[in-house]
1. Across the range 104-145, which residue is nearest to Pro38 (Cα to Cα) among those that are of a type in the set (Lys, Arg) and open to solvent by 60 Å² or more (accessible area, probe 1.4 Å)?
2. Which one of these is farther than 21 Å from Asn124 by Cβ, open to solvent by 80 Å² or more (accessible area, probe 1.4 Å) and in contact with a Gly (Cβ under 6 Å, 6 or more places away or on another chain): Thr51, Thr31, Thr61?
3. Exactly one of these conditions fails for Gly106: (1) in contact with a strand residue (DSSP E or B) (Cβ under 9 Å, 6 or more places away or on another chain); (2) on the phi < 0 side of the Ramachandran plot; (3) part of a loop (DSSP other than H, G, I, E, B). Give me its number.
4. Just to verify a result, which residue in the range 122-145, among those that are β-branched (Val, Ile, Thr) and farther than 16 Å from Thr21 by Cα, is modelled with the lowest pLDDT?
5. Can you list residue pairs whose Cβ atoms sit under 6 Å apart, with the first residue in the range 137-155 being farther than 29 Å from Gln127 by Cα and small (Gly, Ala, Ser) and the second being modelled with pLDDT under 95 and not in a strand (DSSP E or B)? Count only pairs 6 or more apart in sequence or on different chains.
6. So which residues in the range 5-23 are touching a residue at least 24 places away in the same chain (Cβ under 8 Å), open to solvent by 50 Å² or more (accessible area, probe 1.4 Å) and in a loop (DSSP other than H, G, I, E, B)?
7. Could you tell me whether Ala93 is surrounded by 12 or more Cβ atoms within 10 Å (Cβ to Cβ), in contact with a Ser or Thr (Cβ under 9 Å, 6 or more places away or on another chain), of a type in the set (A, V, I, L, M, F, W, C) and over 21 Å from Thr22 (Cβ atoms)?
Amino acid sequence: MARFNRKGITKIYYLPTIAATTLIPTDTEITAGTDWTPHIHTIDGWSLENTPIETPDMESTFVPKIDGDDSAADSSLGFYEDSVTDDVETELAKGTAGFVVIFSKGKTAGNKGMDVFPTKVASNSKQYTADNEAAKINVQFVITDRPVFNQTVPTAG
């Protein structure tokens, strides 16, 4: 098993459209998206959570559980604010629908590890501080449908 550090390997893209109902983007759709990786300082959420259901019975004092409903974790990306352009503010404006695609093992064709999240931007907020740090913007997303995980990165063509 080869361990690795996500920094420098994992890529995070935002795609405006994916035509396939399977949520697997084409190489052309990925190319039309934006690689936000170099602008992101924090990432939070981007997973499924399950709400287990307790199933007690009269035969035991142990309370077993079964798996219940799935829901998406609260998810956000923290960006560095650009002093010249407003790409984060415009491309990821509140209400924008699209797809966050995380290439967990890199964006190499044929690699597994492509996770696709259908999203809508819930908020896009500048973070103000008097601390000695770079200007930042936090973008909160709602995940609007079941994501797909560990897909294969498509090949060109």
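1. To start, the set of residues in the range 104-145 that are of a type in the set (Lys, Arg) comprises 105, 107, 112, 120, 126, 136.
From the residues that got through so far, the ones that are open to solvent by 60 Å² or more (accessible area, probe 1.4 Å) too are 105, 107, 112, 120, 126.
On the way: Lys105: 16, Lys107: 14, Lys112: 22, Lys120: 22, Lys126: 18 Å.
Looking at residues that are of a type in the set (Lys, Arg) and open to solvent by 60 Å² or more (accessible area, probe 1.4 Å), I get Lys107.
2. Details: Thr31 fails: in contact with a Gly (Cβ under 6 Å, 6 or more places away or on another chain); Thr61 fails: in contact with a Gly (Cβ under 6 Å, 6 or more places away or on another chain).
Among Thr51, Thr31, Thr61, only Thr51 is farther than 21 Å from Asn124 by Cβ, open to solvent by 80 Å² or more (accessible area, probe 1.4 Å) and in contact with a Gly (Cβ under 6 Å, 6 or more places away or on another chain).
3. The one condition Gly106 does not meet is (2).
4. Of all residues in the range 122-145, those β-branched (Val, Ile, Thr) come to 129, 137, 139, 142-144.
Subset that is farther than 16 Å from Thr21 by Cα: 129, 137, 139, 142.
Numbers: Thr129: 93, Ile137: 98, Val139: 98, Val142: 98.
So the residue we want is Thr129.
5. Partner pairs satisfying both residue conditions: none exist.
6. Initial filter on the range 5-23 (touching a residue at least 24 places away in the same chain (Cβ under 8 Å)): 6, 9-18, 22-23.
Among the residues that remain, those that are also open to solvent by 50 Å² or more (accessible area, probe 1.4 Å) are: 6, 9, 11, 16-17, 22.
Passing the criteria: Arg6, Ile9, Pro16, Thr17, Thr22.
7. Working: surrounded by 12 or more Cβ atoms within 10 Å (Cβ to Cβ): yes; in contact with a Ser or Thr (Cβ under 9 Å, 6 or more places away or on another chain): no; of a type in the set (A, V, I, L, M, F, W, C): yes; over 21 Å from Thr22 (Cβ atoms): yes.
So Ala93 fails the test.
Yes/no per residue for (1) among the aromatic types (Phe, Trp, Tyr); (2) out of contact with any Asp or Glu (no Cβ under 8 Å at 6 or more places or on another chain); (3) not in a helix (DSSP H, G or I):
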{"position": "Pro38", "(1), (2), (3)": "no, yes, no"}
{"position": "Ile53", "(1), (2), (3)": "no, no, yes"}
{"position": "Val63", "(1), (2), (3)": "no, no, yes"}
{"position": "Ser76", "(1), (2), (3)": "no, no, yes"}
{"position": "Phe79", "(1), (2), (3)": "yes, yes, yes"}
{"position": "Thr90", "(1), (2), (3)": "no, yes, no"}
{"position": "Ile102", "(1), (2), (3)": "no, no, yes"}
{"position": "Asn111", "(1), (2), (3)": "no, yes, yes"}
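The values are calculated or read from the model by the stated rules, or taken from the named source; none is laboratory data. From a predicted model like this one, the values you see are computed outputs, not experimental measurements. As a convention, Cβ positions derive from the backbone with ideal geometry for all residues, glycine included, and neighbour counts pool all protein chains shown. When the accessible area is computed, the model is the full protein with side chains, heavy atoms only, and any ligands, DNA or RNA have been set aside. Shrake-Rupley method; radii C 1.70, N 1.55, O 1.52, S 1.80 Å.
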